[in-house]
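Enquirer: Submitted below is the structure of interest, expressed as C-alpha cells.
The values are calculated or read from the model by the stated rules, or taken from the named source; none is laboratory data. Note that this is a predicted model, so its numbers are computed, not measured. Ideal geometry is used to build each Cβ from the backbone, glycine not excepted, and the neighbour counts take in all protein chains shown. Keep in mind that these areas ignore ligands, DNA and RNA; they rest on the heavy atoms of the full protein, side chains included. Shrake-Rupley method; radii C 1.70, N 1.55, O 1.52, S 1.80 Å.
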Amino acid sequence: MKKGKIIRTAGPLVVASDCLGAKMYDMVKIGDIGLIGEIIELKEDRAFIQVYEDTTGIGPGEPVELTGKPLSVELGPGLISSVFDGIQRPLDVIKEKEGDFITRGIDVPPLNREKKWDFKPFVKKGQKVEEGDFLGEIEETPLIKHKIMVPSGKNGTVIKIKKGKMLIEEVAAVIKSEEKEHEVRLFQVWSIRKNRLVKKREMPEIPLVTGQRVLDTLFPLAKGGTACIPGPFGSGKTVVQHQLAKWSDAQIIVFVACGERGNEVADLLLSFPKLKDPSTGRPLMERTIIIANTSNMPVAAREASIYTGMTIAEYFRDMGYSVALMADSSSRWAEALREISGRMEEMPGEEGYPAYLASRIAEFYERAGKVICLGSDNREGALSVIGAVSPPGGDLSDPVVQSTLKVVKVFWALDDKLANMRHFPAINWLNSYSLYAESIKDYWDKEIAEDFSEIRQEAMKLLEKESELQEIARLVGVESLSDQDRLVLESSKSIREDFLHQNAFHPQDTYTSLRKQYLMMRTIIHFHNSGLKALKEGINLEDILKLEIREKISKMKFLEEKGDDPDVLDLFIEINNVFKELLKKKG
Amino acid sequence: MHKEYLTVTNIVGPLVIVEKIVDVKYGELVEISSPGGQLRRGTVLDVSTERAVVQVFEGTTGLDIDKSSIRFLGGSQTLAVSEEIVGRIFDGSGNPKDGGPKIIAKKRRDINGSPINPQARDYPSEFIQTGISSIDGMNSLVRGQKLPIFSGSGLPHARIAAQIARQSKVLGKKEKFAVVFGAMGITFEEANFFIEDFRDTGALERSVIFLNLANEPTIERIATPRLALTCAEFLAFDLDMHVLVVLVDYTFYAEALREISAARKEIPGRRGYPGYLYTDLASMYERAGRIKEKPGSITYIPILTMPEDDKTHPIADLTGYITEGQIMLSRELHRKGIYPPIDVLPSLSRLKDKGIGEGKTREDHADVLNQLFACYASGKEARELALILGEAALSDMDKIYMEFAEKYEDEFVCQGEHESRSIADTLDIGWDLLRMVPKGELKRIRPEFLDKYYSLEK
Ligand SMILES: Nc1ncnc2c1ncn2[C@@H]1O[C@H](COP(=O)(O)OP(=O)(O)O)[C@@H](O)[C@H]1O
Ligand SMILES: [Mg+2]
C-alpha cells in the first residue's frame, strides 16, 4: 500500500507529503499506531488529514498509509441496537477489548463477523432483479426485518441464491449482468459523504406522531420532514430529542449524540432496553441505533458522526422504513468543522465558521425526505431529521441557527423564560412554526376528527389573543379588561398548563396519542366557548371560573389512555351539563 | 539522553518556537532551561519538520533566544500517584508544597486522561444530601454529577462550596470518601479559607490540594485542574473512593487558555476565547461520573465567576452546555442578606430526576419541587408587575404569590452556614409555604400527594 510521510501535527490536523495519487475523503492510517484519518484537502503532493483519534505522540517523519478507499460505513445486519462512535466503531466491543476508557488505534470491524443470521431469500435463480430489489430478509429483531437489497448499479439476473444461517461476509447471492458476476454479501459498504440514491422524492404529508402535545397539535413534523430545535443550555433540547426517540412513530431511530454529555448516552442505554414501543410493546432498543461521539471524544470524529448516522438512516429508509434521525447537537458538529478549518488556516466567515458552513448544513438536511426507493416495487420510505442547535448564549442570530432555519421546515423555539418557570417542553407557542401544518391537515381531518384543524386553529388564536391582552394588562391592569377578555386569559392559561405543559418524566403524561390530544384540546375549547355563551346570557365570570369541572380539565393529561378515552369524552358532556345547571340556577 | 536544542527563534507570550528539530512528537513534554539554569516544563502544541511550538507551563519570563535550551522528553505530562497522595498539598504543577516528600509513584498517569467509554458509564442516581434546601429540594445533586457554581465577584461561592464539602452525605451510607481541591488563579486568602475550613472539620486528612495562586504563573493553570482530576480518577476508580472535586476559578483558567491562543495568533472566537474552549472544557468536565461495576465516583463542582454577572459570557455559557446543570448565585439575593444567595429559577440539576422520589428522598419530592418552582416564578412575576403598576393593580391571586415569593426566599432559601437540613425538613418547609396557596392552584402536584400532605399541619 502506498505510504506518505507526516510533515506536521497540530491537534486533530495532520499534514503529510508524498501523497500524490491520494483522493479527497480517502481514509488513511496515521503513524506507527495506525490512527484513522480522512483527507480533507490536497495541495500538490501534500494531504491535509483530519484525524479521528487523539494525535498525542504523533510527529513528523512517521508514515501515513493511504488506503485509497473513502471513509465508509458498513451496512448490514447487526446495526440495530448497536452503539457506535463517530466513525462506526462499536463501543461495546471497544469496552470489552480495552476497558472502561477509550484508547487509540483500535481496529475493530463495525459489524459482528462471527454472528450467524438466518437469511430468507425472496428471489429464485434465473429471476431478473434491479438495484434496490429485495433479495431476501433477515429478522434482525422482532421489530425489524432487515432486507438484503441489490446494491446500486447491479441490475441483472440472479444466478445463485442461498438460504439459511450465514455470516455477513458470506456470499448470499450472485447477480449476473452483462457477462459480469456480482457477489452480494449480507452487508455493503458505503461512503459516508455520499447520499444513497433514491428513485424519486415526494412531498411529506403524514405527521410523525411524537406523543408530545405541543409538537403534534401545534407544530407538527411530517414523516420525511426536517425540524430544528434551537435553545440555550437547559431549555430542553435533549429531553425533546429523547422524547422523540422514545415515542415517535418512526420504525427506526438513529440517535446521533454529537459532542454532548456522556451521561446522556448512558441514560439512553439504560432506559431504552426497558422502555416499550407504544405500538408494538417491544423494547425500544430493538429499533434504535446510537452514534455516540461525546464532547470529550475526538473532535474530528464528531464531525464525521452525523454523516455516519445519516448514511445508516438512509440505508434503512431504502428498505421502505420510516426512519427518524436526531442529531444532538448540530452546533457541536459545526464547531468541529470550525476547529479543523481554523487549523488549516482557511479564511474564516462569520464567527470564525468556514464560509461553506451554510452549504454543509443545507446538504445535511437535504438528505431527509419522503421518497420512492430504488427497486421495482416502488416502495415508499421516509427519513425525518431533527437537529438540536445550541447557539452561544441562546442567541438566534448565531450562524448555525440562521443557516439551519433557511433549510428546515419546522422551528421549535425554546424559551429560556419558560424553562426557568419549569414550563416544559419550553417551546414558545408564538415564535415556533411548522410549514407542514397545511399539508398534514387532510390527514388530521380524515384520520383523527373532521374538526381537528379547526380546533387547533381556535387554540392558536386564543394563545395569540392572550399575548395581546397580557400586553394591555401590563399597561393598565387586569381589572380594566372585559369579562370576555378575562375568560380568554383563563382559557389560554388552561391551554398552556393543561395541554401544552407536558412532563416528560411522568409515566402517564410523557406520551399522549393524537386522538387523546384532540379530545383534550376540544374539551378546553368547548369549555371556553360555553363560557363565552354563558357570559352573554348574563352569568358572572366568577361563577364560571369557580366551576369544579375546571379541576377535572386540568387532570385530563393524567388519565390513562384506553380505547376511545371515555373519560375525556365524558368531560365534554359534563361541560354541557354544568353550564345548563348554571343557567338554571340563574333562572 | 535527550538531545538538547539551542535553536529557539521566537518567544511570544507563553510560547517558545524551536527550529531544526528532529523526531519531536505532538503533545510531548518539554524541559526548558533558562539562562539562569532554572528548569521549566512545557508541552508541544504544533510540530512540523522545521519547527515546534512549545507552551511553557511556568511562563516565559526570563527566557531568552540565545541561551535558553530545550530538551524534548518523549511522552506527555504525568502525575505520580499512590495511596500516600491523600492529605497532601501540591503546587499547580504537581510538586509538593507542604514540605513533605515527593510521592513515590505507584503509577504514573497521563494528566490528560482518556475519555470514559459512554458504554461503560453508570447513570448517576444516588442522592447526595448537602443540607442546603435550595440545592437538595430544588436542584438535587447526585453522586457522579458535574454541577458548577455560577458566581460573581464578591459572592459567597467559597462559603457555599465549603458548606457542601462539609455537610454532604449519602443517606444511610458510610463509605470511603475524599475531597480533591484545586485552585486556579485565586488569592492566597481564598485558598486558605478552604484549607482552614477543611482543617477545622478534619477533612484535611482526606483531601488532596493543588494550588496555583493568583501570583503564580498563569500558564500553569492549564495543568492544575488536570492534575486534580487525574488524582481524583485514581482515588475513585483505583481506590474505590467517593471523591468530591472542587475547582475554583474556571474564569482564570479560560483566560490562560485565551492567552495561549492569542500568542499562537489563532482566529479568536467570542470575546477572544478560542473556538475550541468548549472541547477543552469538556475534556475536563466529562471526567466526572460513575463507571459500571466500580464502587467509586467523581462528583465535580467547578466554580466560575461570571464577568459582570453575565451568564451568556462564553465561560459560563460553554460550561452550562457541558455540565449537568448549574447552581446560579444572585447578587440581588446577596444584597438582601440571604445566604446562600442561590437563585433557584435559573439553577438546574439535570440528574435530579433519577435521584429523587420514593426510596431515595420522598415520594412527593418531584411534585413539590415542580410546584415550588411554578409558585416562586409566579410570585416573582407578580413582584415585577407590582413594581410597574403598583400593588393595587395586582389580583388577589397575584398578591398571594408575591407573598409566597418573599417567604420562600426568607424561609426556604435562607439558612445558616452551619445549618444542615434533612431532606424531609426541606420538603416540609416547602409544604408549609405551599399551604399559602389555594389547593386548586397546585396543578403540578398529584392528587394523592395533595390529599396526604396539604392538610397536614406542622
Ligand atoms: N418535557 C420536559 N419535562 C420535564 N422536564 C423537562 C422537560 N424538558 C426539559 N426538562 C428539564 O430541563 C432540563 C434540561 O433539559 P435538556 O433537554 O437537557 O436541556 P438542553 O439540552 O437544552 O440543555 C432537564 O434535565 C429536565 O430537568
Ligand atoms: Mg442538551
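Enquirer: Rounded to the nearest 500, what is the 222 nm mean residue ellipticity of chain B from helices alone, with -39500 (n - 2.57) per DSSP H run of 4+ residues and division by all residues?
Expert: After summing the helix terms and dividing by the residues of chain B, the value is -8500 deg cm²/dmol.
Enquirer: May I ask you to derive the FRET efficiency for A:Phe122 and B:Asp238 from their Cβ-Cβ distance with R0 = 56 Å, giving the value to the nearest 0.05?
Expert: The value I calculate is 0.55.
Enquirer: Helix A:452-476 versus the longest principal axis of chain A: what is the Cα-based angle in degrees, 0 to 90, to the nearest 10?
Expert: 70 degrees
Enquirer: Cut-off under 26 Å on the C-alpha distance; same-chain residues fewer than 8 positions from B:Lys265 excluded. Which lysines are left, in chain and number order?
Expert: B:Lys265 reaches A:Lys43, B:Lys20, B:Lys25, B:Lys67.
Enquirer: Which of the pairs A:Lys370/A:Lys409; A:Lys95/B:Lys360; A:Lys160/A:Lys180; A:Lys165/A:Lys276; A:Lys29/A:Lys97; A:Lys120/A:Lys176 have their Cα atoms more than 22 Å apart in this structure?
Expert: A:Lys95/B:Lys360; A:Lys165/A:Lys276
Enquirer: Test of understanding: what is the full-extension gain from A:Glu471 to A:Tyr356, defined as 0.36 nm times their sequence separation minus their Cα-Cα distance?
Expert: Length gained between A:Glu471 and A:Tyr356: 37.2 nm.
Enquirer: Separate question: Tell me whether segment A:39-127 comes out rounded, prolate or oblate; compute the Cα gyration tensor, take square roots of the eigenvalues as a ≥ b ≥ c, and use a/c under 1.5 as the rounded threshold.
Expert: Oblate is the answer for segment A:39-127, as a/c is 1.5 or above yet b/c matches or exceeds a/b.
Enquirer: Residues of segment B:105-122 that become at least 50 Å² less accessible with every protein chain present than in their own chain isolated, using 1.4 Å: which are they?
Expert: Hits at the 50 Å² cut-off: B:Pro115, B:Asn117, B:Pro118, B:Gln119, B:Arg121.
Enquirer: If you don't mind, there's one more thing I want to ask. Could you give the nm distance between label points at A:Leu42 and B:Glu441, where each point is 7 Å from its Cα heading toward the beta carbon?
Expert: Here the modelled spin labels are 7.1 nm apart.
Enquirer: Count the net charge of all other residues whose Cβ sits under 15 Å from the Cβ of A:Ala504, scoring Lys and Arg as +1 and Asp and Glu as -1.
Expert: Charge balance in the 15 Å sphere: +2.
Enquirer: A further question on this structure: Only helical DSSP H runs with n ≥ 4 go in: add -39500 (n - 2.57) per run for chain A, normalise by residue count and round the 222 nm mean residue ellipticity to 500 deg cm²/dmol.
Expert: Taken over chain A, the calculation gives -10000 deg cm²/dmol.
Enquirer: How many percent of the accessible area of segment B:365-454 is carbon or sulfur, using a 1.4 Å probe?
Expert: Result for segment B:365-454: 51 percent of the exposed heavy-atom area is carbon or sulfur.
Enquirer: Still on this structure, please answer the following. Need the list of aspartates and glutamates near B:Lys352 for cross-linking: C-alpha distance under 12 angstrom, and skip anything on the same chain fewer than eight residues off.
Expert: Qualifying aspartates and glutamates at Cα under 12 Å: B:Glu126, B:Asp136, B:Glu324.
Enquirer: A drop of at least 50 square angstrom in accessible area, chain alone versus all protein chains together, probe 1.4 Å. Which residues of segment A:38-63 meet that?
Expert: A:Thr56, A:Pro60
Enquirer: Along each principal axis of its Cα atoms, how long is segment A:141-237 end to end? Whole angstroms, biggest number first, please.
Expert: Taking max minus min along each principal axis of the Cα atoms, segment A:141-237 gives 57, 30, 26 Å.
Enquirer: Could you give me D for segment A:1-78, from Stokes-Einstein at 20 °C and 1.002 mPa s, where the hydrodynamic radius is the Kirkwood radius over C-alpha pairs? Units µm² s⁻¹, please.
Expert: Using the Kirkwood radius from Cα pairs, D works out to 175 µm²/s.
Enquirer: Let me ask something additional. With a cut-off of at most 12 other beta carbons within 10 Å, and DSSP calling the residue loop, which trypsin sites (Lys or Arg not before Pro) in segment B:4-108 qualify? Please list them.
Expert: B:Lys20, B:Lys102
Enquirer: What nm value, rounded to one decimal, do you get for the distance between B:Asn10 and B:Asp110 when each label is placed 7 Å out toward the C-beta?
Expert: 2.8 nm
Enquirer: Pop the C-beta distance of A:Lys546 and B:Lys336 into the FRET formula with R0 = 35 Å and round what comes out to the nearest 0.05.
Expert: 0.40
Enquirer: How about A:Lys200: which aspartates and glutamates have a C-alpha closer than 20 Å to its C-alpha, ignoring those fewer than 8 places off in the same chain?
Expert: A:Glu130, A:Glu131, A:Asp133, A:Glu314, A:Asp318, A:Glu363, A:Glu366, A:Asp377, A:Glu380
Enquirer: Here's a follow-up. Using a 1.4 Å probe, what is the accessible area per residue for segment B:79-354, in Å²?
Expert: For segment B:79-354, the solvent-accessible area averages 31 Å² per residue.
Enquirer: Using only Cα atoms, locate the centre of segment A:522-565 and the centre of segment A:183-235, then give the distance between them in Å, rounded to an integer.
Expert: 37 Å
Enquirer: Relative to the compact globular guide of 2.2 N^0.38 Å, what is the alpha carbon radius of gyration of the protein assembly as shown, as a ratio?
Expert: 0.99
Enquirer: Using a probe of 1.4 angstrom, how much of the accessible area of chain A is carbon and sulfur, in percent?
Expert: So the carbon and sulfur contribution to the accessible surface is 50 percent.
Enquirer: Where a ≥ b ≥ c are the square roots of the eigenvalues of the C-alpha gyration tensor, would you call chain A rounded, which needs a/c under 1.5, or, failing that, prolate if a/b is larger than b/c, or oblate?
Expert: In terms of gyration-tensor shape, prolate.
Enquirer: Nearest 100 Å², what total accessible surface is buried between chain B and chain A (probe 1.4 Å)?
Expert: 6200 Å²
Enquirer: Tell me the per residue accessible area of chain A using a 1.4 Å probe; a whole number in Å² is fine.
Expert: Ligands and nucleic acids excluded, the figure is 39 Å² per residue.
Enquirer: Give me the net charge of A:Ile168's neighbourhood, meaning all other residues with Cβ under 10 Å from the Cβ of A:Ile168; Lys, Arg count +1, Asp, Glu -1.
Expert: Charge balance near A:Ile168 sits at 0.
Enquirer: Quick one: accessible surface of A:Lys274, probe radius 1.4 Å, all protein chains present, in square angstrom to the nearest 10.
Expert: 150 Å²
Enquirer: If the label point is 7 Å along Cα→Cβ of B:Val22, which residues in segment B:42-82 have backbone nitrogen under 15 Å from it?
Expert: B:49-51, B:72
Enquirer: While we're on this one: Any chance you could look up the accessible area of A:Met319 with a 1.4 Å probe, heavy atoms only, rounded to 10 Å²?
Expert: Estimated to the nearest 10 Å², A:Met319 gives 10 Å².
Enquirer: While we're looking at this one, here's another question. Chymotrypsin sites (Phe, Trp or Tyr not before Pro) within segment A:476-519: which are DSSP loop residues with at most 15 other Cβ atoms inside 10 Å?
Expert: A:Phe505
Enquirer: I'd like the accessible area for B:Phe198, computed on protein heavy atoms only with a 1.4 Å probe and all protein chains in place. Round to 10 Å², please.
Expert: Here the accessible area works out near 10 Å².
Enquirer: For segment B:332-398, which trypsin sites (Lys or Arg not before Pro) are both in a DSSP coil and crowded by at most 11 other Cβ atoms within 10 Å?
Expert: none
Enquirer: Moving on to the next point. Counting only protein heavy atoms, probe 1.4 Å: which residues of segment A:456-479 lose 50 Å² or more of accessible surface in the full assembly compared with their chain by itself?
Expert: A:Arg474
Enquirer: Membrane-span-like helices in chain B: DSSP H runs reaching 30 Å or more (Cα, own axis), mean Kyte hydropathy at least -0.5?
Expert: Span-like helices, by this rule, are B:365-389.
Enquirer: Please say if chain B is rounded, prolate or oblate, where rounded means a/c under 1.5 for a ≥ b ≥ c the square roots of the C-alpha gyration tensor eigenvalues, and otherwise the choice is prolate for a/b larger than b/c and oblate otherwise?
Expert: Prolate, since a/c reaches 1.5 and a/b exceeds b/c.
Enquirer: For the pair B:Glu175 and A:Lys586, how long in nm is the line joining their label points, each one 7 Å along Cα→Cβ?
Expert: 6.4 nm
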